[in-house]
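Reading through the structure tokens given below for one structure.
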Amino acid sequence: MRIPGPEEIRALHEKHAPTAEAFASVHRHCELVWGVAEQLLTSPRLAHLDAELVRAGCLLHDIGVYRLYGEDGRLDHKNYIRHGLLGQELLESEGYSAALCRFCSHHTGVGLTRQDVVRQNLPVPPADYLAETPEERLVMYADKFHSKSRPDRFLTPDAYAAHVRRFGEEKVTAFQALREEFGDPDLDRLAPQAELPPVTG
């Protein structure tokens, strides 16, 4: 499988971003998520992961967000849950492998199940959108620590656990399992890259 490098991925973002502002928000977020994952990958217990694949997954996972911007430049928040599938479709149209496309459609929350889709009446086809490989799980996990909200900021593990609790205790349990698998990032080291200090609770 051919894994695109950061420059190729940046060019892909530039090609599909509808505005400079959208590019700045989405590409920056993807880079910050890679910063989290890269830090976690320094742990010897994660030496078996494919770091190049993780980097590509982090840098590509949110590329479908561009397809949710209207002609007025506004983001369609109501259909935001669709950005993963839209990203998968975008990468497929660019000829990328299924393994890369899955990073888009399988990173939402701590795993989106068919039951979640049906119960919450989400605007995506009923299916399991679960991260399966260690690389997919790490990209999904690293994504939880940075929010693109204005202003953008990092979230501590406890802050994310509190956020995801509204979707059920099973989601908190799933997040805890990811913490045990990958460890907690040192957000203080990453915080200078964001506009505000991390949200702690």
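The values are calculated or read from the model by the stated rules, or taken from the named source; none is laboratory data. This is a predicted model, so every value here is computed, not measured. A quick note on method: Cβ atoms are made from the backbone with ideal geometry, for glycine too, and the neighbour counts reach across all protein chains shown. The area values use the complete protein model at the heavy-atom level, side chains included, leaving out ligands, DNA and RNA. Shrake-Rupley method; radii C 1.70, N 1.55, O 1.52, S 1.80 Å.
Checked across the stretch 28-50, the condition of being touching a residue at least 40 places away in the same chain (Cβ under 8 Å), open to solvent by less than 10 Å² (accessible area, probe 1.4 Å) and over 16 Å from the mean Cα position of the chain (by Cα) holds for at least one residue. Within the stretch 115-141, take every residue that is touching a strand residue (DSSP E or B) at 6+ places or on another chain (Cβ under 8 Å) and of a type outside the set (A, V, I, L, M, F, W, C) and give me the one that is most open to solvent (accessible area, probe 1.4 Å). Applying the filter and picking the extreme gives Asp128.
When the stretch 68-112 is limited to residues that are more than 21 Å from Trp34 (Cα to Cα) and in a loop (DSSP other than H, G, I, E, B), the one that is nearest to the chain's Cα centre (by Cα) turns out to be Asp76.
Scanning the stretch 52-74 for residues that are surrounded by fewer than 20 Cβ atoms within 10 Å (Cβ to Cβ) and in contact (Cβ under 8 Å) with a residue 24 or more places away in the chain yields a count of 4.
Out of the helices (runs of 4 or more DSSP H) lying entirely within the stretch 115-188, which hold 1 or more residues that are free of Cβ contacts under 8 Å to residues at least 12 places away in the same chain? Once the helices (runs of 4 or more DSSP H) in the stretch 115-188 are filtered for at least 1 residues that are free of Cβ contacts under 8 Å to residues at least 12 places away in the same chain, what remains is 157-164, 169-182.
Run down Leu100, Leu112 and say which single residue is crowded, with 17+ Cβ neighbours inside 10 Å, of a type in the set (A, V, I, L, M) and touching a helix residue (DSSP H, G or I) at 6+ places or on another chain (Cβ under 7 Å).
Values: Leu112 fails: touching a helix residue (DSSP H, G or I) at 6+ places or on another chain (Cβ under 7 Å).
Unique residue meeting the criteria: Leu100.
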